[in-house]
Ligand code: ADP
Ligand code: MG
(Lines give C-alpha, C1' and ligand atoms only; values in the text may rest on other atoms or scores of the structure.)
(Ligands and ions follow the chains in the order given, each with its own letter.)
Protein backbone atom coordinates (compact mmCIF):
# COMPACT_ATOMS: atom_id res chain seq x y z
CA UNK A 1 0.00 0.00 0.00
CA UNK A 2 1.21 3.49 -0.81
CA UNK A 3 1.20 6.15 1.88
CA UNK A 4 -1.79 8.53 1.80
CA UNK A 5 -1.08 12.05 0.48
CA UNK A 6 -0.31 14.65 3.14
CA UNK A 7 -3.68 16.28 2.43
CA UNK A 8 -6.66 14.78 0.63
CA UNK A 9 -9.75 16.85 -0.13
CA UNK A 10 -12.74 14.92 -1.42
CA UNK A 11 -15.95 16.44 -2.78
CA UNK A 12 -15.68 19.58 -0.66
CA UNK A 13 -18.85 21.68 -0.82
CA UNK A 14 -19.88 24.89 0.92
CA UNK A 15 -23.05 26.95 0.49
CA UNK A 16 -23.80 30.47 1.69
CA UNK A 17 -27.53 31.24 1.74
CA UNK A 18 -28.32 29.68 -1.59
CA UNK A 19 -24.93 30.42 -3.17
CA UNK A 20 -22.70 27.41 -3.79
CA UNK A 21 -19.28 28.94 -3.00
CA UNK A 22 -17.41 25.62 -3.27
CA UNK A 23 -18.84 22.88 -5.45
CA UNK A 24 -17.52 19.35 -4.98
CA UNK A 25 -13.80 20.15 -5.03
CA UNK A 26 -11.30 17.27 -4.81
CA UNK A 27 -7.51 17.33 -4.82
CA UNK A 28 -4.50 15.86 -3.06
CA UNK A 29 -1.30 17.49 -1.81
CA UNK A 30 1.91 15.49 -1.65
CA UNK A 31 4.44 16.04 1.12
CA UNK A 32 7.26 18.44 0.22
CA UNK A 33 5.48 20.20 -2.67
CA UNK A 34 4.36 23.76 -3.45
CA UNK A 35 0.87 23.83 -4.94
CA UNK A 36 -0.82 26.97 -6.23
CA UNK A 37 -4.53 27.77 -6.32
CA UNK A 38 -5.55 30.46 -8.80
CA UNK A 39 -8.89 31.65 -10.10
CA UNK A 40 -10.93 34.81 -10.59
CA UNK A 41 -12.32 36.78 -7.67
CA UNK A 42 -15.16 34.95 -5.96
CA UNK A 43 -14.22 31.56 -7.41
CA UNK A 44 -14.16 29.90 -3.98
CA UNK A 45 -10.42 29.82 -3.22
CA UNK A 46 -10.59 31.38 0.24
CA UNK A 47 -13.71 29.44 1.20
CA UNK A 48 -11.97 26.20 0.19
CA UNK A 49 -8.99 26.88 2.43
CA UNK A 50 -11.31 28.13 5.20
CA UNK A 51 -13.07 24.75 5.08
CA UNK A 52 -9.79 22.83 5.04
CA UNK A 53 -8.30 24.79 7.95
CA UNK A 54 -11.43 24.76 10.12
CA UNK A 55 -12.45 28.42 9.78
CA UNK A 56 -15.63 27.35 7.97
CA UNK A 57 -17.53 24.09 8.23
CA UNK A 58 -18.03 22.35 4.88
CA UNK A 59 -21.58 21.23 4.02
CA UNK A 60 -20.28 18.10 2.33
CA UNK A 61 -17.05 16.31 1.53
CA UNK A 62 -14.04 15.13 3.49
CA UNK A 63 -10.64 16.52 4.45
CA UNK A 64 -7.91 14.06 5.44
CA UNK A 65 -4.56 15.10 6.88
CA UNK A 66 -2.06 12.26 6.74
CA UNK A 67 -5.01 9.90 6.36
CA UNK A 68 -6.79 11.21 9.50
CA UNK A 69 -10.26 12.70 9.04
CA UNK A 70 -10.20 16.36 10.15
CA UNK A 71 -13.42 17.40 8.40
CA UNK A 72 -15.32 20.11 10.27
CA UNK A 73 -12.95 20.13 13.24
CA UNK A 74 -12.24 23.52 14.82
CA UNK A 75 -9.30 25.55 13.53
CA UNK A 76 -7.20 25.18 16.68
CA UNK A 77 -7.52 21.38 16.57
CA UNK A 78 -6.56 21.34 12.89
CA UNK A 79 -3.58 23.61 13.62
CA UNK A 80 -2.48 21.19 16.33
CA UNK A 81 -2.84 18.34 13.85
CA UNK A 82 -0.27 20.19 11.69
CA UNK A 83 -2.18 22.33 9.20
CA UNK A 84 -1.64 26.07 9.62
CA UNK A 85 -2.94 28.87 7.40
CA UNK A 86 -2.22 32.56 7.04
CA UNK A 87 -4.75 35.25 6.19
CA UNK A 88 -4.95 37.79 3.40
CA UNK A 89 -4.92 40.54 6.02
CA UNK A 90 -1.79 40.24 8.18
CA UNK A 91 -2.52 39.54 11.84
CA UNK A 92 0.35 40.70 14.04
CA UNK A 93 0.65 42.34 17.44
CA UNK A 94 1.79 45.85 16.46
CA UNK A 95 3.50 46.73 19.72
CA UNK A 96 5.31 43.42 20.10
CA UNK A 97 8.71 42.89 18.51
CA UNK A 98 9.23 40.53 15.60
CA UNK A 99 10.72 38.00 18.01
CA UNK A 100 7.83 38.35 20.48
CA UNK A 101 5.29 37.94 17.68
CA UNK A 102 6.92 34.65 16.74
CA UNK A 103 7.02 33.42 20.33
CA UNK A 104 3.38 34.40 20.72
CA UNK A 105 2.51 32.31 17.66
CA UNK A 106 4.03 29.22 19.32
CA UNK A 107 2.25 29.69 22.66
CA UNK A 108 -1.01 27.84 21.96
CA UNK A 109 1.07 24.80 21.01
CA UNK A 110 3.02 24.71 24.27
CA UNK A 111 0.35 23.40 26.61
CA UNK A 112 1.58 20.14 28.02
CA UNK A 113 -1.60 18.99 29.73
CA UNK A 114 -2.07 17.83 33.30
CA UNK A 115 1.11 16.28 34.66
CA UNK A 116 2.93 16.52 37.95
CA UNK A 117 4.14 20.07 38.60
CA UNK A 118 7.82 19.27 38.30
CA UNK A 119 7.23 17.51 34.99
CA UNK A 120 5.10 20.34 33.69
CA UNK A 121 7.72 22.90 34.60
CA UNK A 122 10.50 20.96 32.89
CA UNK A 123 8.42 20.28 29.80
CA UNK A 124 7.31 23.91 29.59
CA UNK A 125 10.89 25.10 29.89
CA UNK A 126 11.95 22.79 27.09
CA UNK A 127 9.06 24.00 24.91
CA UNK A 128 9.98 27.64 25.55
CA UNK A 129 13.66 26.99 24.77
CA UNK A 130 12.69 25.22 21.56
CA UNK A 131 10.39 28.09 20.57
CA UNK A 132 13.18 30.64 21.16
CA UNK A 133 15.58 28.65 19.00
CA UNK A 134 12.93 28.25 16.31
CA UNK A 135 12.18 32.01 16.37
CA UNK A 136 15.87 32.86 15.84
CA UNK A 137 16.12 30.35 13.00
CA UNK A 138 13.03 31.79 11.27
CA UNK A 139 14.10 35.42 11.76
CA UNK A 140 17.30 34.51 9.92
CA UNK A 141 15.34 32.65 7.22
CA UNK A 142 13.19 35.74 6.51
CA UNK A 143 16.23 38.03 6.67
CA UNK A 144 14.83 40.33 9.37
CA UNK A 145 17.64 40.02 11.95
CA UNK A 146 17.93 43.83 12.01
CA UNK A 147 14.29 44.09 13.09
CA UNK A 148 14.37 41.26 15.61
CA UNK A 149 13.56 43.56 18.56
CA UNK A 150 11.66 46.25 16.67
CA UNK A 151 7.90 46.60 17.18
CA UNK A 152 5.96 45.10 14.27
CA UNK A 153 4.21 48.42 13.69
CA UNK A 154 7.34 49.97 12.11
CA UNK A 155 7.71 47.25 9.47
CA UNK A 156 6.70 47.70 5.84
CA UNK A 157 3.69 45.77 4.60
CA UNK A 158 5.92 43.24 2.81
CA UNK A 159 8.03 42.73 5.95
CA UNK A 160 4.85 42.13 7.95
CA UNK A 161 3.85 39.49 5.41
CA UNK A 162 7.23 37.80 6.03
CA UNK A 163 6.70 37.86 9.80
CA UNK A 164 3.21 36.36 9.36
CA UNK A 165 4.76 33.61 7.25
CA UNK A 166 7.40 32.91 9.90
CA UNK A 167 4.70 32.93 12.62
CA UNK A 168 2.78 30.24 10.73
CA UNK A 169 5.92 28.09 10.71
CA UNK A 170 6.69 28.46 14.42
CA UNK A 171 4.91 25.26 15.53
CA UNK A 172 6.58 23.25 12.73
CA UNK A 173 3.39 22.44 10.83
CA UNK A 174 3.17 19.62 8.30
CA UNK A 175 1.37 21.86 5.81
CA UNK A 176 1.23 25.65 5.48
CA UNK A 177 -1.61 27.29 3.54
CA UNK A 178 -0.95 30.88 2.47
CA UNK A 179 -3.87 33.10 1.43
CA UNK A 180 -2.58 35.80 -0.95
CA UNK A 181 0.95 36.11 0.49
CA UNK A 182 1.98 38.86 -1.97
CA UNK A 183 -1.28 40.80 -2.42
CA UNK A 184 -0.47 44.51 -2.07
CA UNK A 185 3.28 43.88 -1.81
CA UNK A 186 5.69 45.79 -4.06
CA UNK A 187 7.60 43.84 -6.76
CA UNK A 188 10.99 43.85 -4.97
CA UNK A 189 9.42 42.46 -1.83
CA UNK A 190 7.49 39.90 -3.88
CA UNK A 191 10.83 38.49 -5.06
CA UNK A 192 12.02 38.43 -1.45
CA UNK A 193 8.93 36.54 -0.26
CA UNK A 194 9.41 34.15 -3.17
CA UNK A 195 13.00 33.45 -2.15
CA UNK A 196 11.96 32.88 1.46
CA UNK A 197 9.28 30.38 0.40
CA UNK A 198 11.82 28.54 -1.78
CA UNK A 199 14.32 28.48 1.08
CA UNK A 200 11.67 27.04 3.42
CA UNK A 201 10.63 24.55 0.77
CA UNK A 202 14.25 23.42 0.43
CA UNK A 203 14.22 22.92 4.21
CA UNK A 204 11.30 20.50 3.75
CA UNK A 205 8.17 22.63 4.19
CA UNK A 206 5.00 21.90 2.20
CA UNK A 207 2.94 24.82 0.90
CA UNK A 208 -0.43 25.48 -0.64
CA UNK A 209 -0.56 29.05 -1.97
CA UNK A 210 -3.68 30.94 -2.99
CA UNK A 211 -2.67 33.98 -5.02
CA UNK A 212 -3.97 36.44 -7.56
CA UNK A 213 -0.49 37.09 -8.89
CA UNK A 214 -0.35 34.40 -11.57
CA UNK A 215 3.32 35.01 -12.45
CA UNK A 216 4.33 34.51 -8.83
CA UNK A 217 2.40 31.22 -8.73
CA UNK A 218 3.86 30.08 -12.05
CA UNK A 219 7.41 30.66 -10.81
CA UNK A 220 6.95 28.97 -7.43
CA UNK A 221 4.62 26.04 -7.94
CA UNK A 222 5.14 22.69 -9.58
CA UNK A 223 1.38 22.13 -9.67
CA UNK A 224 -1.48 24.56 -9.99
CA UNK A 225 -5.21 24.13 -9.36
CA UNK A 226 -7.50 26.46 -11.29
CA UNK A 227 -10.82 27.42 -9.71
CA UNK A 228 -13.74 28.84 -11.65
CA UNK A 229 -17.14 29.48 -10.03
CA UNK A 230 -16.54 27.27 -7.02
CA UNK A 231 -15.22 24.29 -8.95
CA UNK A 232 -11.73 23.06 -9.71
CA UNK A 233 -11.69 23.49 -13.48
CA UNK A 234 -8.28 21.95 -14.07
CA UNK A 235 -4.95 21.14 -12.48
CA UNK A 236 -1.53 20.73 -13.98
CA UNK A 237 2.00 22.07 -14.16
CA UNK A 238 2.56 25.75 -15.05
CA UNK A 239 3.02 25.05 -18.77
CA UNK A 240 -0.22 23.04 -18.97
CA UNK A 241 -2.18 25.68 -17.05
CA UNK A 242 -0.83 28.54 -19.17
CA UNK A 243 -1.95 26.91 -22.39
CA UNK A 244 -5.33 25.66 -21.15
CA UNK A 245 -8.33 27.12 -22.98
CA UNK A 246 -10.52 27.09 -19.87
CA UNK A 247 -7.94 29.14 -17.98
CA UNK A 248 -7.64 31.69 -20.79
CA UNK A 249 -11.40 31.90 -20.91
CA UNK A 250 -11.77 32.41 -17.17
CA UNK A 251 -9.08 35.10 -17.08
CA UNK A 252 -9.41 36.82 -20.41
CA UNK A 253 -13.02 36.05 -21.30
CA UNK A 254 -11.99 34.61 -24.70
P1 ADP B 1 -12.07 33.87 -3.70
O2 ADP B 1 -11.22 33.67 -2.49
O3 ADP B 1 -11.77 32.92 -4.81
O4 ADP B 1 -12.08 35.29 -4.20
P5 ADP B 1 -14.28 33.32 -1.90
O6 ADP B 1 -14.08 31.94 -1.44
O7 ADP B 1 -13.91 34.42 -0.98
O8 ADP B 1 -13.59 33.53 -3.31
O9 ADP B 1 -15.80 33.54 -2.26
C10 ADP B 1 -16.56 32.60 -3.03
C11 ADP B 1 -18.01 33.07 -3.09
O12 ADP B 1 -18.60 32.94 -1.80
C13 ADP B 1 -18.17 34.53 -3.47
O14 ADP B 1 -19.33 34.66 -4.25
C15 ADP B 1 -18.34 35.22 -2.14
O16 ADP B 1 -19.10 36.41 -2.27
C17 ADP B 1 -19.07 34.18 -1.32
N18 ADP B 1 -18.76 34.23 0.13
C19 ADP B 1 -17.54 34.07 0.67
N20 ADP B 1 -17.59 34.12 2.02
C21 ADP B 1 -18.89 34.35 2.32
C22 ADP B 1 -19.62 34.51 3.54
N23 ADP B 1 -19.00 34.45 4.73
N24 ADP B 1 -20.95 34.71 3.47
C25 ADP B 1 -21.59 34.76 2.28
N26 ADP B 1 -20.98 34.61 1.09
C27 ADP B 1 -19.64 34.42 1.10
MG1 MG C 1 -9.89 35.08 -1.46
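Looking only at the range 74-86, decide whether some residue is within 15 Å of ligand 2 (Cβ to nearest atom) and touching a strand residue (DSSP E or B) at 6+ places or on another chain (Cβ under 6 Å).
Within the range 74-86, one or more residues are within 15 Å of ligand 2 (Cβ to nearest atom) and touching a strand residue (DSSP E or B) at 6+ places or on another chain (Cβ under 6 Å).
Within the range 178-209, work out how many residues are away from ligand 2 (no atom under 16 Å from the Cβ) and either at pLDDT below 95 or not in a strand (DSSP E or B) (or both).
Result for the range 178-209: 21.
Spot the failing condition for residue 31; the list is (1) away from ligand 2 (no atom under 16 Å from the Cβ); (2) buried (at least 16 other Cβ atoms within 10 Å of the Cβ), and only one is missed.
Every condition holds for residue 31 apart from (2).
Which of the residues that make up the range 1-28 are part of a loop (DSSP other than H, G, I, E, B), touching a strand residue (DSSP E or B) at 6+ places or on another chain (Cβ under 8 Å) and farther than 16 Å from residue 85 by Cβ?
4, 5
Filter the range 59-86 down to residues that are closer than 29 Å to residue 184 by Cα and surrounded by 17 or more Cβ atoms within 10 Å (Cβ to Cβ), then give me how many there are. Step through it out loud before you land on a result.
If we filter the range 59-86 for residues that are closer than 29 Å to residue 184 by Cα, which is where we start, we get 75-76, 78-79, 82-86.
Retained after the next criterion (residues that are surrounded by 17 or more Cβ atoms within 10 Å (Cβ to Cβ)): 78-79, 82-86.
Result for the range 59-86: 7.
Report whether or not residue 173 is within 14 Å of the chain's Cα centre (by Cα), surrounded by fewer than 22 Cβ atoms within 10 Å (Cβ to Cβ) and over 20 Å from residue 242 (Cβ atoms). Show your work before the answer.
Numbers: within 14 Å of the chain's Cα centre (by Cα): yes; surrounded by fewer than 22 Cβ atoms within 10 Å (Cβ to Cβ): yes; over 20 Å from residue 242 (Cβ atoms): yes.
Criteria met by residue 173.
Let's see how each residue does on (1) under 19 Å from residue 49 (Cβ atoms); (2) in contact with a helix residue (DSSP H, G or I) (Cβ under 6 Å, 6 or more places away or on another chain); (3) more than 16 Å from ligand 1 (Cβ to nearest atom):
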position	(1), (2), (3)
180	yes, no, no
189	no, yes, yes
195	no, no, yes
198	no, no, yes
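Considering only the range 236-254, state which residues are touching a helix residue (DSSP H, G or I) at 6+ places or on another chain (Cβ under 8 Å) and surrounded by fewer than 22 Cβ atoms within 10 Å (Cβ to Cβ). Please lay out each step first, then the result.
Of all residues in the range 236-254, those touching a helix residue (DSSP H, G or I) at 6+ places or on another chain (Cβ under 8 Å) come to 238, 241-242, 247, 251, 254.
Hits for the range 236-254 are 238, 242, 247, 251, 254.
Please tell me if residue 31 is out of contact with any strand residue (DSSP E or B) (no Cβ under 8 Å at 6 or more places or on another chain) and either modelled with pLDDT under 95 or outside any loop (DSSP other than H, G, I, E, B) (or both).
No, not satisfied.
The values are calculated or read from the model by the stated rules, or taken from the named source; none is laboratory data. Model, not experiment: these values are computed from the prediction. Cβ atoms come from the backbone with ideal geometry, glycine included; neighbour counts cover every protein chain shown.
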